[in-house]
Each structure stands twice: as structure tokens, then as C-alpha cells.
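Report on one structure; see the data block that follows.
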Amino acid sequence: MNPAMETPEQIRDRLLARFPGAEISLVPNPAPGAQPSLCVGAAHLREAAVFLRDDDALRLDYCSNVTGIDWPKPGHLEVVYHLYSMALRHGPLVLRARTGNRADLVSLPSLTPVWRSCEFQEREVFDLYGVVFEGHPDLRRLLMWDEFKDFPMRKDYVEPPDYEWEPTAHDAVAAKAALQHPAAAAPSPAPSPEKT
Amino acid sequence: MEITPEQKDELRRHGILLTSLEELYNWGRSHSVWPLQFGLACCAIEMIATSMARFDIARFGSEVFRPSPRQADLLIVSGTVTKKMAPQVVRLWNQMPEPKYCIAMGACAISGGPFKQGYNVLKGIDRYIPVDVYIPGCPPRPEALLNGLITLQAKISGQSISGPDAPRHLGSADSCEYPVPEFGGHDLEPPKNPDLWQPPAPARAPKP
Amino acid sequence: MIEASTDALLPSPGSRVRPVRDPFHGDLLEVSMGPHHPSTHGVFRMVATLDGETIVRLKPVFGYLHRNHEKLGESTTYLASMPYTDRLDYLCSMTNNWAYALAVERLIGQPVPERAEYVRVILAELTRLLNHTCLAGFLLQDCGASGTPLMYAFREREKILDLFESLSGSRMMCNYQRFGGCRVDPGAHWLAAASRVTEGYGRFLDEFEALLTGNEIMMARTQGVGPLSAKLAVAAGVTGPMLRAAGVAYDIRKVDGYGIYPRFNFRVPLGEHGDTYDRYMLRILEMRESIPILRQALAEIPAGPIMDPKARLRGLRPKAGESYGRIEGPKGEIGFYLVSDGTPNPYRYRVRPPSLINLTILEDLCLGRTIADAVIILGSVDIVLGEVDR
């Protein structure tokens with residue numbers, strides 16, 4: 001089993017002592033047994049990441065997972081890093097960073113120089129969410145083609161209108177079909193004689 | 001003089017083989033269908049399993065999986081065709097020489113299957129290339145693929161080599177090539193080949 | 001080769017490569033392998049720049065099987081995503097099921113009955129056998145041993161698939177595990193059949209190894225090819241057999257001790273050189289370790305319910321929160337990160353794909369090798385495109 005790691009509160013306090021004035025807050029997680037995560041401001045994200053990686057008590061040398069999340073409600077994009085330590089076999093520590101908004105202030109410092117494993121995952125977040133990672137060595141679209149213009153994992157992404165009608169019980173699907181096949185949305189005609 | 005199939009069988013028992021050019025031609029075409037060694041997704045694993053010892057597609061003359069489309073007769077679209085992959089699939093189809101056949105293996109290749117609502121998933125390969133046999137399943141069992149192959153062989157055997165029902169490659173038009181879609185800003189352009197495929201007409205109005 | 005500084009752990013910039021058109025040294029050649037290529041294990045593409053036959057740059061191109069798993073996961077309920085996880089890494093549906101079930105169980109605090117835990121271990125280890133056997137077959141196919149090893153591998157795969165089919169109704173897409181247990185009880189007949197497969201597997205491995213492990217061509221093609229250093233492996237987030245072949249003892253079955261793995265006594269094999277041969281050998285050794293785990297689990301499995309009777313599947317609405325569940329899949333750390341906002345659908349559904357992240361170091365392994373070696377190195381990484389692109 002995992003040896004105990006410092007709690008996120010202790011790590012936050014040590015980070016604040018190391019980088020006075022940095023925006024570091026705890027994000028609570030109400031799920032049973034789950035730990036809170038650390039939200040670090042973009043200005044100190046890279047330094048905080050290097051600290052977490054190199055600190056002797058933490059040595060979070062393994063960034064497992066990079067996730068992009070779109071929050072249209074507060075109006076920002078969020079990137080979540082799951083950090084583990086292979087050297088000390090503990091973890092995870094969940095690190096989050098938030099962009100200014102969803103339109104023009106979408107850049108964050110890239111953590112690829114800190115953890116190489118972020119390379120493809122940050123490209124994926126750039127591709128699907130449009131977060132621009134500054135300092136990424138090769139920031140291109142990963143999954144979609146280069147000419148693609150949208151960010152399809154955002155909550156407000158609109159699919160291209162190639163929706164085809166299908167008999168379905170799902171109201172949301174039927175509503176989409178009605179938009180694209182207005183004729184079908186009209187009251188159903190009498191069954192045609194040749195189809196009996 | 002008309003010769004019935006029974007008479008033909010009787011003659012064959014005596015060592016006399018009667019045939020027509022059409023029969024010979026179709027027999028030759030249908031029993032050495034070489035598939036393209038081309039896997040897309042989950043169904044490709046079942047396609048490989050079909051070619052292995054237990055199911056042994058060699059019993060049906062199709063064990064020669066060719067890596068090059070130039071040597072292949074059959075395109076087994078085995079898996080989800082994404083929009084990013086669709087131009088390549090059409091290009092492979094164009095590179096195959098006639099006579100050529102296409103099997104849409106699995107729900108994804110037929111219609112997008114479970115991934116139909118995805119933004120990068122093509123809702124069926126028949127939007128761009130003509131499909132001869134559809135094999136439903138997710139993934140279809142190897143037996144289903146074998147049945148699809150037998151269906152294809154039956155389809156080939158039943159074709160007449162002259163007249164209006166002659167297969168595509170015997171026609172005069174150079175119909176071997178199909179337009180390759182291009183990557184657009186939001187979708188493939190065009191999103192379908194209208195000569196091949198039109199959206200099905202709604203049979204029932206959706207709930208308002 | 002890899003210096004201590006962080007810069008060496010970064011991908012090599014393109015500027016180190018000489019210009020493509022160079023009248024003095026001769027032109028470089030750009031080869032696009034894939035997405036339709038027999039050796040790329042699916043629709044993977046790599047753009048290799050060659051100086052003669054030597055690779056000086058290699059950039060993987062992804063997305064040819066990007067079927068929007070995560071977006072679909074956000075638009076369906078928690079339970080409805082379970083069949084989709086089968087189609088991530090379509091060789092290992094059972095471990096994908098488990099990882100997802102684990103993430104949801106952590107999100108809602110759902111206990112799992114003892115018998116289900118044993119069944120999960122049995123299925124996960126059978127999946128490991130299946131995956132590693134197929135990988136060895138495909139790797140040998142890439143080395144040029146076309147046909148025979150793969151036929152042997154698929155012969156064994158069919159035996160395990162028969163078990164999966166009689167248990168879940170489907171050969172590949174098992175959709176078997178649920179939040180708080182498993183779908184149906186295996187029953188005594190199934191366990192006896194699983195025992196028979198387990199007992200026969202050692203003999204198959206002996207036969208397989210007699211054919212391959214000491215094979216001179218195999219050794220010449222793979223030893224010293226694509227060595228991966230432990231330092232780079234850790235920095236690049238490489239997990240699974242690739243990481244352990246580089247000599248890092250990190251097996252999530254031991255580290256996290258999820259499920260009931262702490263009760264099992266097994267060793268974690270480690271590689272010494274981190275080359276392609278080590279990666280092949282490590283998988284063989286892992287299979288040999290899986291057999292005693294299976295034996296122990298099949299002997300000790302208790303009676304009892306297979307599903308927690310209080311478990312709620314339909315109409316599941318977890319409270320707002322997030323969870324990350326990870327297990328040691330056959331390819332590496334397969335994890336699911338779920339964010340709930342209290343609705344029946346996950347707000348964010350993220351898959352941590354081991355195959356994609358293991359490919360981070362593909363270029364580093366291939367630089368300076370010939371294009372034929374790149375095929376073998378890729379084969380030893382063990383990718384499945386359904387998981388790389390999702």
C-alpha cells in the first residue's frame with residue numbers, strides 16, 4: 001500500500017512558504033474518501049510543479065494523467081494533473097490550473113518541460129479544448145486534423161449538420177433530427193398503402 | 001437446346017464438364033477473393049481471428065491477405081471509420097483494381113454503430129464507397145464474417161456478365177474512382193457522396 | 001545517453017536535423033508509414049525522416065481512430081458507458097471494465113463483495129495472459145516470423161475467449177463488470193474450465209518459448225534495439241511492462257493494492273537493459289507470474305453474492321465530486337477520471353490511456369535505428385489504437 005504522503009493542506013502551506021504571494025487554493029472534493037486538490041495560479045504553476053517534482057519529501061516524478069475540463073458556468077477552462085511518485089510510491093496529488101476565460105485568455109504554462117508525459121496529453125487538451133500551453137515544444141492538434149477549427153470537447157460545441165433521422169426513443173436525439181429534417185417534424189402522414 | 005442443371009450434373013458424373021463463359025468467369029472470381037490486409041478497429045481483431053487456425057478463412061479461398069491495395073479484390077471495412085480516416089479509406093478503395101468488392105464489417109462501418117453520435121465518426125462507409133455486403137454485429141463473430149464472405153460469393157456467382165445487370169467493372173464508364181473527401185474546417189467536404197448515398201426518408205415523425 | 005539535465009528528457013527539436021534538401025549530403029527521405037500499414041497495429045501513422053536507412057526524426061500522427069469516447073461518456077449515464085469501455089482497448093475489455101467500475105465505486109463509495117473481487121482478479125489475469133500472448137505473436141510477426149507464432153497465440157486466445165464468452169455472452173466485448181460487483185455468477189463449471197485453461201497455459205508457454213526465446217534471429221533482431229533508460233521512462237510516464245523492462249519496480253497491483261491483490265503472493269519481474277528483447281521477455285515472465293495468481297484465486301474463491309445487493313446501477317446519480325480509479329492493465333496504468341455534478345451523466349469522463357502515453361518515447365527509442373527496427377520497437381510498445389485515440 002501507499003506510504004503516507006503529506007496532506008494537500010500541508011503541501012499548500014509549504015508551497016505558500018516557498019512562493020510567497022502565489023495564488024494557491026484548495027479545491028474540496030466531496031466524493032467519499034477522495035482528497036482535495038490544489039489549484040495553482042498560472043503565474044507560479046511551472047515553479048510549483050518543479051518544486052513538487054524535486055522536493056525530497058514529495059518527489060512527484062510521475063505525472064499520470066492530464067485532463068481538460070470546460071466550465072462554461074464560472075467561465076474558464078481547467079487542466080487537471082494527477083501526480084504520483086514512482087520513487088516514493090505515493091500519490092496521487094491532484095493539481096489544477098485555470099485559464100482566465102474561455103475566449104481569449106486561454107493560455108497556461110506548459111508542464112511538458114517538467115514532466116515529459118504531458119507532451120501528448122497537453123496537445124490533446126489543446127486540440128479538444130483550445131487551451132494554449134506556452135512553452136510546449138510541439139503544440140499541434142493531436143487527434144483532429146490540422147484544418148479543423150472547433151474545439152469539440154467544449155460543452156458548447158455544435159456538431160456539423162449531418163444528422164440523419166433514425167427511429168429513436170431519445171427526446172434529445174429526436175429534437176436534433178427535427179431541426180435538420182423539418183419535414184419529419186410535421187405531423188406524421190397517413191401510412192402509405194404500399195408499405196403495409 | 002436447353003440443358004437443365006440436373007442433366008449437367010449427370011454429365012459431370014460421367015466426366016463431361018459443361019459450362020458457360022459466364023459461369024466459369026464468376027466461378028473464378030468468387031473463389032479467390034483476396035482481401036486487403038487492412039484493419040481499422042475492434043472488428044479487425046476478429047478478422048485476424050477468422051484468418052487463424054480455428055476459423056480458417058482459407059477454406060473459402062480468401063486467406064491471401066494482401067498488404068497492397070493493388071493486389072487486393074476485397075476491402076473489408078473492419079471497424080469504425082472516423083472522419084480523419086475516411087479519405088484514406090476512399091483512397092485505398094480507389095487504388096484497388098476492378099473487379100473489387102467491399103464488405104462493411106460491424107455496426108460502425110455500417111452506420112457509425114455505438115459511436116454514431118461522435119463528432120469525428122463517419123456514419124457509415126456507404127456514404128463514400130459502394131458496399132456489397134453488410135455484416136451486423138459489434139463485433140461480428142468470425143462465423144458471421146465467413147457468412148458474409150459466402151454471401152459475397154453467392155452475389156458474384158449470380159451476376160450476369162452482359163446486359164444491363166452486368167457488374168460495375170464490365171460497364172463502359174470508368175467508375176473505378178470515387179471522389180475523395182477533403183478535410184474542412186468543421187467536417188469532411190463533402191460530407192457524403194450524393195450519387196451513392198442519400199439520407200433515408202423519415203418513416204415516422206419524431207416527437208415534437 | 002540520457003544526461004541528468006531535464007533538457008535531454010524533452011523531445012528532440014526538429015532543428016537538430018539537417019535540412020531535408022541538402023545538395024552536399026544528399027536529400028533526406030520522408031516516409032509516411034500508416035495509417036494503412038500492416039505493421040502499425042491498426043490505423044497508427046508515423047512520419048519518419050530517413051538519412052539513408054537511419055531514422056533522424058519520427059513523429060507519430062494520431063486520431064485515425066478517434067471515436068469521441070470521452071464526449072460520448074459525457075452524454076450517457078454512468079452505466080451506459082460500461083460497454084464503451086470494452087471498445088477502448090479491445091483486447092482487454094475485462095480490465096477496462098474493472099478500471100471504470102473502480103473509478104465509479106470510489107466516486108459513490110460502493111463496496112464490492114468478496115466473490116466479485118476474486119472473479120475480477122481471475123478475469124484480469126486471464127486478460128493479461130491473453131494480451132501478452134497476442135502481443136508476443138504480433139511482435140514476432142513484425143520481426144518477420146509471419147504466421148506461425150501468431151497462429152499459436154491466437155489458438156490460446158480462443159481458449160480464453162471461450163471462457164469469456166460462456167461467462168458474459170460475448171467474445172471480445174464482455175461488458176461484464178458492474179459498480180459493486182459483476183453481472184452474473186460464474187458458477188462451478190466455469191471455474192473448473194478456467195482451472196483447466198490455467199493449468200494448460202504453462203505448457204503452452206514452454207512450447208512458445210522453446211520456439212522463440214532462444215531463437216537466434218529473434219535475439220539478433222531485438223537485443224540492444226531501442227533501449228529505454230529508467231530515468232526517461234519515469235519522466236515520460238511510461239507504465240506497465242515497458243516501465244518494468246526498463247528496471248523500475250512499479251506495479252500498481254503492488255503499489256495501490258487495489259481489489260484483493262495484497263492477498264496474492266507474486267513477484268514483479270524487472271528488465272535489465274530496457275531493450276526490445278527485455279520487453280518481450282518481461283511479458284513472458286509476467287504471464288508465468290499470472291498463472292500462480294490464477295491458481296490461488298481459483299482455489300480460494302469464496303461462495304457468496306456476486307453483486308452488492310444494495311448497489312444501484314440504473315438511475316445512479318452520484319453526488320458532486322470527482323474520483324480517479326486506476327489499475328494495472330496489461331498495457332500499463334489504465335485510469336478513469338470522473339467528475340460528477342450530481343446529474344445522471346458524468347460532467348467529465350476522462351480515460352488515461354496507457355498506450356498513448358507509452359508512445360511518448362517512441363521517437364527517442366527509434367532515433368539512430370533503421371526503419372526496420374522502428375517496426376519492432378513499435379511492436380514491443382504494445383499499442384491498441386482504440387485506446388491510443390479513444
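The values are calculated or read from the model by the stated rules, or taken from the named source; none is laboratory data. Remember, predicted model here, so these are calculated numbers, not experimental data. Neighbour counts are summed over all protein chains in view; Cβ atoms, including those assigned to glycine, are modelled from backbone coordinates with ideal geometry.
Comparison of B:P99, B:P69, B:P136 shows that the only residue that is more than 13 Å from chain C (Cβ to nearest Cβ), surrounded by fewer than 24 Cβ atoms within 10 Å (Cβ to Cβ) and more than 26 Å from A:E159 (Cβ to Cβ) is B:P99. Filter the stretch C:62-75 for residues that are within 16 Å of B:C138 (Cβ to Cβ) and not in a helix (DSSP H, G or I) and give the result. Scanning the stretch C:62-75 gives C:L65, C:R67. Consider the stretch A:1-26 and keep the residues that are exposed (fewer than 15 other Cβ atoms within 10 Å of the Cβ) and within 13 Å of another protein chain (Cβ to nearest Cβ). The one that is nearest to A:C118 (Cα to Cα) is A:N2. What about C:E156, is it out of contact with any Leu (no Cβ under 6 Å at 6 or more places or on another chain) and surrounded by fewer than 19 Cβ atoms within 10 Å (Cβ to Cβ)? No.
To keep it simple, each residue is scored yes or no on (1) crowded, with 23+ Cβ neighbours inside 10 Å; (2) of a type in the set (G, A, S); (3) in contact with a Cys (Cβ under 7 Å, 6 or more places away or on another chain).
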site	(1), (2), (3)
C:G224	no, yes, no
C:Y258	no, no, no
C:H273	no, no, no
C:T276	yes, no, no
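B:G163 meets the conditions (1) in contact (Cβ under 8 Å) with a residue 12 or more places away in the chain; (2) out of contact with any Pro (no Cβ under 6 Å at 6 or more places or on another chain); (3) of a type in the set (G, A, S) in every case but one. The failed one is (1). The number of residues in the stretch A:94-114 being surrounded by fewer than 21 Cβ atoms within 10 Å (Cβ to Cβ) and of a type in the set (A, V, I, L, M) comes to 3.
When A:D70, A:D61 are checked against the criterion of being farther than 17 Å from C:R348 by Cβ and within 14 Å of chain C (Cβ to nearest Cβ), a single residue qualifies: A:D61.
A single member of B:G106, B:G61 is more than 9 Å from chain C (Cβ to nearest Cβ) and either at pLDDT 90 or above or crowded, with 24+ Cβ neighbours inside 10 Å (or both), and it is B:G106. Does C:Q177 fit the bill of being among the polar types (S, T, N, Q) and farther than 20 Å from C:D278 by Cα? Considered against the rule, which asks whether it is among the polar types (S, T, N, Q) and farther than 20 Å from C:D278 by Cα, C:Q177 comes out as yes.
Could you pull out the residue among C:Y64, C:Y78, C:Y100 that is crowded, with 24+ Cβ neighbours inside 10 Å, more than 15 Å from C:R183 (Cα to Cα), away from chain B (no Cβ under 11 Å) and touching a residue at least 12 places away in the same chain (Cβ under 8 Å)? After ruling out the rest, the residue left standing is C:Y78. Restricting the search to helices (runs of 4 or more DSSP H) fully inside the stretch C:211-327 and requiring at least 1 residues that are within 17 Å of C:A136 (Cα to Cα) and charged (D, E, K, R) gives C:216-222, C:241-245, C:276-300.
Residue pairs whose Cβ atoms lie under 6 Å apart, separated by 6 or more positions or on different chains, with the first residue in the stretch C:26-37 and away from chain B (no Cβ under 14 Å) and the second in a loop (DSSP other than H, G, I, E, B), are C:D27/C:R21; C:L28/C:V20.
Scanning the stretch C:230-246 for residues that are within 12 Å of another protein chain (Cβ to nearest Cβ), in contact (Cβ under 8 Å) with a residue 24 or more places away in the chain and out of contact with any Pro (no Cβ under 7 Å at 6 or more places or on another chain) gives C:A230, C:K231, C:L232, C:A233, C:A235, C:A236, C:G237, C:V238, C:L243, C:A246. Listed by first and then second residue, the pairs with beta-carbon distance under 8 Å, at least 6 apart or on different chains, first residue in the stretch C:151-179 and within 10 Å of chain B (Cβ to nearest Cβ) and under 18 Å from B:A44 (Cβ atoms), second surrounded by fewer than 22 Cβ atoms within 10 Å (Cβ to Cβ) and of a type in the set (D, E), are C:R171/C:E165.
Listed by position, the helices (runs of 4 or more DSSP H) inside the stretch C:335-390 whose residues that are at the interface with another protein chain (Cβ under 9 Å from one of its Cβ atoms) number at least 2 are C:354-358, C:385-388.
If you scan the stretch B:109-133, which residues turn out to be away from chain C (no Cβ under 11 Å) and touching a residue at least 60 places away in the same chain (Cβ under 8 Å)? Lay out the reasoning, then the answer.
Step one: of the stretch B:109-133, the residues away from chain C (no Cβ under 11 Å) are B:109-111, B:123-133.
Correct list: B:A109, B:G124, B:D126, B:R127, B:Y128, B:I129, B:P130.
Apart from one condition, C:T95 fits all of (1) more than 14 Å from every other protein chain (Cβ to nearest Cβ); (2) surrounded by fewer than 24 Cβ atoms within 10 Å (Cβ to Cβ); (3) among the hydroxyl-bearing types (S, T, Y); the exception is (2).
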